Structures are given as C-alpha cells and as structure tokens.
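Structure first, commentary second.
The values are calculated or read from the model by the stated rules, or taken from the named source; none is laboratory data. These numbers come from a predicted model, not from an experiment. Here the Cβ positions follow ideal geometry from the backbone for every residue, glycine too, while neighbour counts run over all protein chains shown. With ligands, DNA and RNA removed, areas are computed over all heavy atoms of the protein, side chains included. Shrake-Rupley method; radii C 1.70, N 1.55, O 1.52, S 1.80 Å.
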Amino acid sequence: MSKRDYYEVLGIQKGASDDEIKKAFRKLAIKYHPDKNPGNKEAEEKFKEVNEAYSVLSDKTKRQRYDQFGHAGVGGAGAGAGGNPFAGGFDFNGQTFNFDFGGGGGLDDILGAMFGFGGGFRGARRGRDYRTSTTIDFEEAIFGTTKNISVDGEQIKLKIPAGIHDGQQIRLGGKGGPSPVEGGQRGDLLVEIRVRAHKTLTREGNLILSEATISMVDAVLGTEVDVDTVDGKIRMKVPAGTQPGTNFKLSGHGAPIQVGSTERGPHIVTINVEIPKNINKKQKELIQEFAKAKRSIFG
C-alpha cells in the first residue's frame, strides 16, 4: 500500500508555514488520539500517519528532502503506519532471528511472570537469558556480516543481516543458560548490535547522508565531484547554477529498505558552497565586473 502525501495527511498546502503545520498536527493528533478512540484501529492508524507526517514536515532538512524526492528522500520516515518493521523475526541463512530493541519480553515472559516461572514459560522452566553485545562497522551494518560470540566458553557464530540498526538486539533461541530442572529448555542469548560511527556518512532509515563542498565558481559554472559511498567513490555531476543546500540523490547506494533486504534506498548528497574569505585585486575586479553586467541585464 502506497503512502499518502504528507501535506495531504495534515490537510495543508505544500507552502504551509511552520505555524500552520503545527496547528494542523495538533488538531488531528487530538482527533485521532487513542485515548479518545479506544479500540478504534482506524483511528490508531490515522494517529500514526499524522505523527509520521509531522515528524518530517516539522523538520526543515527532512521537509526539504521530502519536497524534492518525496517519500524516498526521508527513508520511509521510520516504520510508517504499519508499526515496527522488525516484528515477527525471520530466517537468515538458516539462522532464526527475532528482533528486539531492548526492554520487555514476549508472551513467554509474561506467562512466566504470571505463573511464577521467572525465566519464562514454555511448558517447563527455562534457563535464564544471557545478554551480550558486539560492535560492527558502519559498512557491516549496511551489507551484513558474521561475528564470533563467546558464551560459557562456547564460540557461537552470529550472522548479522544487512540493514541492522545501532542498538538493535538479535535473540538466539536456546543459546542462553541451562534449565534448572531436568528436561527444561535453555534460555535465549540476546546480542545487542552497536554500530561504529562513520567519518563522513550518516544513516537515517534507509537513507545514507553526506555532504560535498564546492567553490563558488564551480557552483556557478558546474562541476563534477567524487562522492564517498559504501560502494566506493562515485563521480557525481553538479550542474551549473547549483544553490547551497541543494540535495542530489544517488539511487540504490543507501541502506537496505528493511533488515535482510537486498533492495536499498538512496544516498543523499547535500552541496555546500564555499565563499572565499580573501580574494586578490584581480579576482575582486572580475566579481565586480560580473555584478555590474548582471545589474545592466536585470536592472
């Protein structure tokens, strides 16, 4: 299902002011708030949609990218109206993954707490869950990798899927502590993934963001720049007349659109224009001549 236009969601025009965006959001947030619509799934989805639209349009940088590239320019703005994109887990190269961002357990843990089983309830007392963490590089988070995890002297090969996020946890069933009773199940191993920051790249959902700086002359006349991406250097054309803050999209060079996917979002490059602080006499004369010619043409 395709997403609705964020301006349409808030019921405003594309050129709406920040104040108009805020007023529209408040009105709709109150209208669709779950407390005012208990048990109403449609209102719940509307409330999520309104919040997603506001999170983009209230942010100057995200709004600029959205106006230029649409939903592709804001990386889907998170999970969207469908909720957690990692819910339910999946199989990756024969290894079962259940994703978690920390905090509360699942149904087993709830039942365990109700019936006094402490470590969870699966027909017999489980062993306790083990927790650990591992750190990976920015590129490894994009493409996936394999790490060796040591648990109770045992080496476990952890397959980390492409597109995993910093702070996300992978739950490995049966790799935790032994059950305190005979025949009981082992606990699980929860591994928190930490992603090292990159020197020049940042990630926002399925987007990868970077900046490139060009001279004032190159901005006027046009140029080409080498952009560092996770796929290596890419030569990008910057057309004549490019303004400071202009965004360019390198399709397919961003992060996976969801964990484990081979489809990737774009890499967005923001252009900065360097204004010279010190110029010599000849350069100053040329700029003055240019300004004079511009005034004679445009008045």
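Listed values, structure above:
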| quantity | calculated |
| --- | --- |
| Length gained when the stretch GLU42-ARG128 is fully extended (0.36 nm per residue, less Cα-Cα span) | 27.0 nm |
| Chain lengthening between THR200 and LYS147 when straightened (0.36 nm per residue, less Cα-Cα) | 16.6 nm |
| Chain lengthening between ILE279 and THR61 when straightened (0.36 nm per residue, less Cα-Cα) | 75.3 nm |
| Qualifying lysines (Cα of each under 20 Å from Cα of LYS147; at least 8 residues distant if same chain) | LYS157, LYS159, LYS175 |
| Within the accessible area of region 159-299 (1.4 Å probe), percent carbon and sulfur | 51 |
| FRET efficiency, 1/(1 + (r/R0)^6) with R0 35 Å, evaluated for HIS33 and GLN243 via beta carbons | 0.30 |
| Three semi-axes of the equivalent ellipsoid, region 229-299, Cα gyration tensor, whole Å, largest first | 40, 14, 9 |
| Calculated FRET value between ILE156 and LYS14, using beta carbons and R₀ = 41 Å, to 0.05 | 0.20 |
| Å² of accessible area per residue within region 181-264, as computed with a 1.4 Å probe and no ligands counted | 55 |
